[in-house]
Amino acid sequence: MRPFVLALLLSLLTALPAGAASKLEKIHELVEITEVSRQMETALDSLWPLIVERGKQANPTMPPEMWDRVRVIGREEFDQSLPDVLAQFEKMYDANFTEPEIDALLTFYKSPIGNGVMHKLNAMAPQTAALGQAWGAQVSKQVIARLAEETRSHGYDLHL
C-alpha cells in the first residue's frame, strides 16, 4: 500500500504547475521589473548634490576633501540600506495589492507597452522631481507670506 501512496503523491506533485510563484515572489519580481532600486538611485543622484550644497552653505569652513568623504559615506549608507527599503516596498505591495492585481501588473510591465511606459516614466523622474521641488518652493513662499500676515494681524511676529 505504501508504494501506491508514494506513487500517487509523486504524480500529484508532478502535476502541479512548474514554477508556480507565491504572491511574495511575484511582488519581488514586480519590484525588479519596475526597477524600483534604479529609480531610488536616480533620485539620490539628483538630490545628493543639493544636499551637499546646502551642507556646504551651512558649514562654509569645511574643506573640499571632507565633502568628498560626505559623498562616499552617503553612497555607502544608501547602498547598505537599499535591500531593507526594497523589502519594505514589497511589504507595502503585499498589503495593498491582491495577487490577481500583482499578476495583472506583471503582465502589463512585461508587455512591450508596459515596459515602454515604465521606462518613459523612469526617464521623466528627474523632470517630475524638479517640478515638485519648484512647486513646493513656490507654495512654501505663499504659505509663509500668508501665515506671516495672519499672525501679524493677531499681534505675533512669525519667523520661519
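The values are calculated or read from the model by the stated rules, or taken from the named source; none is laboratory data. The structure presented is a predicted model; accordingly, all values stated were derived computationally and were not measured. Backbone-built Cβ (ideal geometry, glycine too); neighbour counts: all protein chains shown.
Looking only at segment 65-78, decide whether some residue is surrounded by 13 or more Cβ atoms within 10 Å (Cβ to Cβ) and in contact with a His (Cβ under 9 Å, 6 or more places away or on another chain). Checked segment 65-78: no residue is surrounded by 13 or more Cβ atoms within 10 Å (Cβ to Cβ) and in contact with a His (Cβ under 9 Å, 6 or more places away or on another chain). Among the residues of segment 64-73, is any under 22 Å from Asn122 (Cα atoms) and out of contact with any strand residue (DSSP E or B) (no Cβ under 8 Å at 6 or more places or on another chain)? No, every residue in segment 64-73 fails to be under 22 Å from Asn122 (Cα atoms) and out of contact with any strand residue (DSSP E or B) (no Cβ under 8 Å at 6 or more places or on another chain).
In this structure, Arg146 does not qualify as in contact (Cβ under 8 Å) with a residue 12 or more places away in the chain and of a type in the set (Lys, Arg).
Residue check: Glu90 meets all listed conditions (1) part of a helix (DSSP H, G or I); (2) free of Cβ contacts under 8 Å to residues at least 12 places away in the same chain but one, namely (2). Of the listed requirements (1) part of a helix (DSSP H, G or I); (2) under 28 Å from Ala130 (Cβ atoms), Pro60 misses just one: (1). Regarding segment 120-130, can at least one residue be identified that is assigned to a loop (DSSP other than H, G, I, E, B), exposed (fewer than 14 other Cβ atoms within 10 Å of the Cβ) and modelled with pLDDT of 90 or more? No; the residues of segment 120-130 include none that is assigned to a loop (DSSP other than H, G, I, E, B), exposed (fewer than 14 other Cβ atoms within 10 Å of the Cβ) and modelled with pLDDT of 90 or more.
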